[in-house]
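Colleague: Sharing a structure here in structure tokens format.
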Amino acid sequence: MTQYQIGVVVGSLRRESFNRKLANGVIRLGPPEFAFRELEIGDQPLYNQDTDRDQPEAVKRLKSEIRECQGILFVTPEYNRSMPGVLKNALDNASRPYGDSAWAGKPCGIMGVSSGQIGTACAQQHLRDSLAYLDMPVLGQPEVYITFSDELINADGSIGAGSRDFLKGWMDRFAAWVKLHAT
Ligand code: FNR
């Protein structure tokens with residue numbers, strides 16, 4: 001059976017991040033041929049075009065990890081009606097130098113949870129804009145905008161009963177999307 005490596009990029013560095021909990025719950029719903037691993041982005045230097053010719057080790061590491069993946073799952077909070085800077089910085093770092101982007105062509109899916117009512121919709125829309133430019137096929141539907149509640153994640157880290165079927169359906173679509181576009 002073909003194995004698919006999926007990189008998980010969480011847009012929060014917070015220790016108790018709801019988004020990391022969501023990511024860890026959702027990946028349990030993935031098919032057996034999918035192996036998920038979180039790609040660390042908290043160690044990325046602030047992007048500086050001066051370093052394009054000799055990129056910092058952390059950037060080289062992130063790019064190499066992305067290249068090992070057949071798909072990417074972004075799970076992000078919304079900061080001030082956009083994606084967090086740490087996520088945008090990771091997109092920028094691994095996209096350069098021009099012509100050597102690690103993201104290009106990687107199929108991806110996005111989701112997010114926030115404390116606000118719109119459940120990261122603005123952050124995801126901005127993220128979609130960047131991913132389109134990065135030439136990443138993004139799963140369009142279903143969209144996953146979640147407002148955090150205590151019922152979202154069970155004590156054992158699994159997805160709560162109220163969201164499980166919806167997120168399992170999303171994961172099935174994501175898995176098919178990755179298989180369709182993976183190279
Ligand atoms: C937020 N939060 C937030 N929520 C939202 O729905 N829309 C927003 O624009 C913002 N803006 C925002 C800015 C900053 C700087 C912070 C720290 C927070 C609240 C956010 O949804 C909440 O802190 C989540 O818990 C963040 O996700 P993690 O860290 O739990 O994954």
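Colleague: So which of Ile27, Ile6, Ile66 ends up being closer than 23 Å to Glu143 by Cβ, away from the ligand (no atom under 16 Å from the Cβ) and in contact with a strand residue (DSSP E or B) (Cβ under 7 Å, 6 or more places away or on another chain)?
Modeller: Working: Ile27 fails: away from the ligand (no atom under 16 Å from the Cβ); Ile66 fails: closer than 23 Å to Glu143 by Cβ.
Only one candidate passes the filter, namely Ile6.
Rundown of residues vs (1) crowded, with 19+ Cβ neighbours inside 10 Å; (2) without any contact (Cβ under 8 Å) to a residue 60 or more places away in the chain; (3) within 12 Å of the ligand (Cβ to nearest atom); (4) not aliphatic (A, V, I, L, M), yes/no style:
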| position | (1), (2), (3), (4) |
| --- | --- |
| Gly11 | yes, no, yes, yes |
| Arg14 | no, yes, yes, yes |
| Leu73 | yes, no, no, no |
| Asn80 | no, yes, yes, yes |
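Colleague: Which of the residues spanning the range 77-111 are assigned to a loop (DSSP other than H, G, I, E, B), within 25 Å of Ala182 (Cα to Cα) and of a type in the set (Asp, Glu)?
Modeller: Taking the range 77-111 and keeping what is assigned to a loop (DSSP other than H, G, I, E, B), we get 77-78, 80-81, 83-84, 95-107.
Among the residues that remain, those that are also within 25 Å of Ala182 (Cα to Cα) are: 95-107.
Asp100, the sole residue that qualifies.
Colleague: Among the candidates Val178, Val86, Val138, which residue alone is within 16 Å of the ligand (Cβ to nearest atom) and modelled with pLDDT of 95 or more? Talk me through it step by step, then tell me what you get.
Modeller: Working: Val178 fails: within 16 Å of the ligand (Cβ to nearest atom); Val138 fails: within 16 Å of the ligand (Cβ to nearest atom).
Every option except Val86 fails the conditions.
Colleague: Would it be correct to say that Gly109 is in contact with a Cys (Cβ under 6 Å, 6 or more places away or on another chain), closer than 28 Å to Gly169 by Cβ, among the small types (Gly, Ala, Ser) and surrounded by 13 or more Cβ atoms within 10 Å (Cβ to Cβ)?
Modeller: Working: in contact with a Cys (Cβ under 6 Å, 6 or more places away or on another chain): no; closer than 28 Å to Gly169 by Cβ: yes; among the small types (Gly, Ala, Ser): yes; surrounded by 13 or more Cβ atoms within 10 Å (Cβ to Cβ): yes.
No; evaluated as a whole, the condition is false for this residue.
Colleague: Next question, about the same structure. Out of all the residues in the range 134-183, which are in a loop (DSSP other than H, G, I, E, B), touching a helix residue (DSSP H, G or I) at 6+ places or on another chain (Cβ under 9 Å), open to solvent by 90 Å² or more (accessible area, probe 1.4 Å) and in contact (Cβ under 8 Å) with a residue 24 or more places away in the chain?
Modeller: Scanning the range 134-183 gives a single hit, Gln141.
Colleague: Given the criteria in contact with a strand residue (DSSP E or B) (Cβ under 7 Å, 6 or more places away or on another chain) and of a type in the set (A, V, I, L, M, F, W, C), does Val86 qualify? Quick ask: steps written out before the conclusion?
Modeller: Working: in contact with a strand residue (DSSP E or B) (Cβ under 7 Å, 6 or more places away or on another chain): no; of a type in the set (A, V, I, L, M, F, W, C): yes.
So Val86 fails the test.
Colleague: Given Gly25, Gly85, Gly7, which one is within 16 Å of the chain's Cα centre (by Cα) and without any contact (Cβ under 8 Å) to a residue 12 or more places away in the chain? Outline the logic, then answer.
Modeller: Details: Gly25 fails: without any contact (Cβ under 8 Å) to a residue 12 or more places away in the chain; Gly7 fails: without any contact (Cβ under 8 Å) to a residue 12 or more places away in the chain.
Just one listed residue meets the conditions, Gly85.
Colleague: Scan the range 119-133 and give yes if some residue there is assigned to a loop (DSSP other than H, G, I, E, B) and at negative phi, otherwise no. Break it down into steps so the answer makes sense when it comes.
Modeller: Going residue by residue through the range 119-133, those that are assigned to a loop (DSSP other than H, G, I, E, B) are 119-120.
Narrowing further to those that are at negative phi: none.
Checking the range 119-133: not a single residue is assigned to a loop (DSSP other than H, G, I, E, B) and at negative phi.
Colleague: If you go through the range 43-56 one residue at a time, do you hit one that is surrounded by 15 or more Cβ atoms within 10 Å (Cβ to Cβ), farther than 25 Å from Asn154 by Cα and within 15 Å of the ligand (Cβ to nearest atom)?
Modeller: No: zero hits.
Colleague: Any idea which of (1) within 19 Å of Tyr133 (Cβ to Cβ); (2) within 16 Å of the ligand (Cβ to nearest atom); (3) open to solvent by 50 Å² or more (accessible area, probe 1.4 Å) is the one Phe18 doesn't satisfy?
Modeller: (1)
The values are calculated or read from the model by the stated rules, or taken from the named source; none is laboratory data. Just so it is clear, the structure is predicted and the values come from calculations on it, not from any experiment. When we count neighbours, we look across all protein chains shown, and the Cβ atoms used for this are built from the backbone with ideal geometry, even at glycine. The area values use the complete protein model at the heavy-atom level, side chains included, leaving out ligands, DNA and RNA. Shrake-Rupley method; radii C 1.70, N 1.55, O 1.52, S 1.80 Å.
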